[in-house]
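Read the figures in this text as sums done on the coordinates, not as results from a lab. Owing to the predicted nature of the structure, the values given are computational and were not obtained by experimental measurement. Virtual Cβ from ideal backbone geometry, glycine too; neighbours counted across all protein chains shown.
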Amino acid sequence: MGDAFSARLRGLFKQRRKGVTVGLELQSDGMAVVARQTGEGGTVSHMDFLRYQKTVSPAQLLKDWVAEKRLNNADCNAVLGPDTYQILLVEPPDVPAEELRGAIRWRLKDLVNIPVDQAAVDVFALPADGVRSNKKMVYVVVCEKKKIQAVVDLVGEAGLALQSIDIGELALRNVVLNLLPPDQAERGVALTRIRDGMASVFIYRLGNLYLGRSFSLDYNVGLLDSLPEEALALELQRSLDYYERQMGQAPPVAIYVCGEHVSEDKIGNVLKASLAPRIQWLNPTAVVPMAVNDEWDDQLAQQCVAAIGGSLRQVETG
């Protein structure tokens, strides 16, 4: 995902300005934006959440932010909001790789809620060891073409140089890849992102997405709201059971927890004692170094975690 979107849309992208990358996640109530100096160890210099306004268009909001931070023509990796696309795990037709996207499109017509001729479709493989049988399985991402074009237009009007359009599952992968030491990469890691009334869990191993699952969760993202630890532990255990029994994998070495108004003190002993993997709060400053200024705090970083992942993405230029 993302690389294919980049290749198909590259003709629409602006000339890039080297030195800084902007990660942008489009959320239901605003845009999470992160500016990071390019390269290994690059520092995050700006982080904001631009809440939508009735009297100002999203493009103007983003354009004003870009101008204020002097980021015109900076690279931008955009991340689609979770309500923008569907992701499905399906058995692909037996066709050459170059024909797969076109062939699988027509298999989707009874599985997605948009007409397939109006859909942008991308495909990436589930690793072969993620299936107990000999079946090959792929993840298929489906998004309306007009929504993709809206992202292209938004970023272009704001004065940024769009380099990729990605999904949350893979943007968050860029975050967790920076958390595990090499000797633990073989075991894999899980990340749980909590939002208003719901949560998602993603399990990655050796840089690949193995499992993605969303579920309802009675959490209203208030600053003083407690996490429903027992309910969360139950859903996480269900995910681990599927990963271990149906996919034949060893449990991940750790489960990182993040989300809006999810602070370290909300992850209590009930949750930690309920699951075999280590349960740990995701501290974004452990992923990328942050510039010392007053533009960000821990809760802002939680809200911008997928945008941080977007800023970490390496885009192929060939």
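A Cβ-based charge dipole, computed about the Cα centre of the chain with Lys and Arg at +1 and Asp and Glu at -1, lands at about 840 debye.
Neighbours of residue 194, meaning other residues whose beta-carbon lies under 13 angstrom from its beta-carbon, give a summed charge of -3 when Lys and Arg score +1 and Asp and Glu score -1.
Contact order, relative form, for the chain: 23 percent (alpha carbon pairs under 8 Å, 6 or more residues apart, mean separation divided by residue count). Of the peptides 155-164, 243-252, the ranking by mean beta-carbon count within 10 Å, highest at the top, reads 155-164, 243-252. The convex hull around the C-alpha trace of segment 180-281, projected and averaged over every direction, spans 6.0 square nanometres.
In the list (1) 61, 44, 35; (2) 50, 50, 39; (3) 90, 44, 29, the label attached to Cα extents along the principal axes in Å as derived from the coordinates here is (2). Rg over Rh for segment 61-158 works out to 1.10, both radii taken from alpha-carbon positions and Rh defined as the Kirkwood radius. Protection proxy ranking for 24-30, 101-107, using the average of other Cβ atoms within 10 Å per residue and placing the highest first: 24-30, 101-107. Residues 200, 133, arranged from fewest to most other Cβ atoms within 10 angstrom of their Cβ, appear as 133, 200.
The charge dipole of segment 180-281, taken about its Cα centre with unit charges on the Cβ atoms of Lys, Arg (+1), Asp and Glu (-1) only, comes to about 340 debye.
Which of the three applies to segment 116-267, rounded, prolate or oblate, going by the alpha-carbon gyration tensor with a ≥ b ≥ c and a/c under 1.5 meaning rounded? Oblate shape, in that a/c is at least 1.5 and b/c is the bigger or equal ratio.
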